[in-house]
1. Among residues other than Ala203 whose Cβ falls under 12 Å from its Cβ, what is the net charge (Lys/Arg +1, Asp/Glu -1)?
2. Positive end of the dipole of segment 29-183, charges at C-beta (+1 Lys, Arg; -1 Asp, Glu), about the Cα centre: which of Pro67, Ala153, Gln167 has its Cα farthest in that direction?
3. How big is the accessible area of Tyr72 in square angstrom, nearest 10, if you roll a 1.4 angstrom probe over the protein chains?
4. Amide H to amide H under 5 Å from Arg23: which residues, 5+ apart in sequence or cross-chain, H placed 1.01 Å off N in plane?
5. Phe53 accessible area, nearest 10 Å², 1.4 Å probe?
6. Which trypsin sites (Lys or Arg not before Pro) in segment 51-99 pass both tests, a DSSP loop state and at most 13 other beta-carbon atoms within 10 Å?
7. Using heavy-atom solvent-accessible surface (probe 1.4 Å) with all chains present, what is the largest-first order of Val174, Val154?
8. What's the local net charge at Ser80, with K and R +1, D and E -1, over the other residues with C-beta under 12 Å away?
Amino acid sequence: MTLAILAICLVYASVDFFWPLHRDLRQFDPVALGKLETTMWQSYYGRQRVALFAELAEMLRTQYQFPLLRSYLGAYHGASAAFTFKDGKQRSDYEKALPALQAYFGLIRNTGNIDFDAQRAANLELEWWIVHRERARYPPGALGRACAEAAAAVYQVPANSTLKHGQLRAEAMVMRDTRADAGGVTEADWADIASLLRQSYQALRLAVSDTLITPVPDQPLQR
């Protein structure tokens, strides 16, 4: 009896972790996602690893329809990548987050209905993290374009269609950084950041909602 229960649990876990599910990645709630991302930013900047892990798992379940165990595995990879990057000082340090990012995006691809390149998505995700960290070294608008290209790679749409999403997301990041440098991010600031992120995801939802799930040629934005 015990062996039978163990076998059932192993089969369930294997299906949960690895079975392709073809969930529609475009069917996210922009309002809920903007609120969740705001909370995740607060956990990240507060170095609350467990909280970020739990919030990532919730996001993967509620917005990308991950099954339970897979959501925790994805959250583990996502949180690991985030804090590996956070502790980095230079590009060679930041690139240590790539294996976890590739595993994270691999799970999203295996769960969703878009056959995107997980390695490219991970590289572009890391790139906007670096542009954000070192944005003084980049021209104006670079952060928004980098965010747009990362989203376009996952949803397989032209980067120009996700530019508004990227610009609003970048604006939210710069607001947080500016307020933090000025002495601290207030609750009112976080409310404004949440509003920008909500608008950002509304723009993304609009950009991808009417798009057929077919690959498009890489079309990087003009620098």
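The values are calculated or read from the model by the stated rules, or taken from the named source; none is laboratory data. In this text, all values refer to a predicted model and were calculated from it rather than measured experimentally. A quick note on method: Cβ atoms are made from the backbone with ideal geometry, for glycine too, and the neighbour counts reach across all protein chains shown. Accessible surface is based on the protein model in full, side chains and every heavy atom, while ligands, DNA and RNA are left aside. Shrake-Rupley method; radii C 1.70, N 1.55, O 1.52, S 1.80 Å.
1. Taking every other residue near Ala203 into account, the sum is +3.
2. In segment 29-183, that residue is Gln167.
3. Using a 1.4 Å probe on the heavy atoms, I get roughly 90 Å².
4. Those lying under 5 Å, H to H, from Arg23 are Gly112, Asn113.
5. That residue has around 60 Å² of solvent-accessible surface.
6. For trypsin sites (Lys or Arg not before Pro) across segment 51-99 that sit outside H, G, I, E and B with at most 13 neighbouring Cβ atoms in 10 Å, the list reads Lys89.
7. Val174, Val154
8. The answer is +2.
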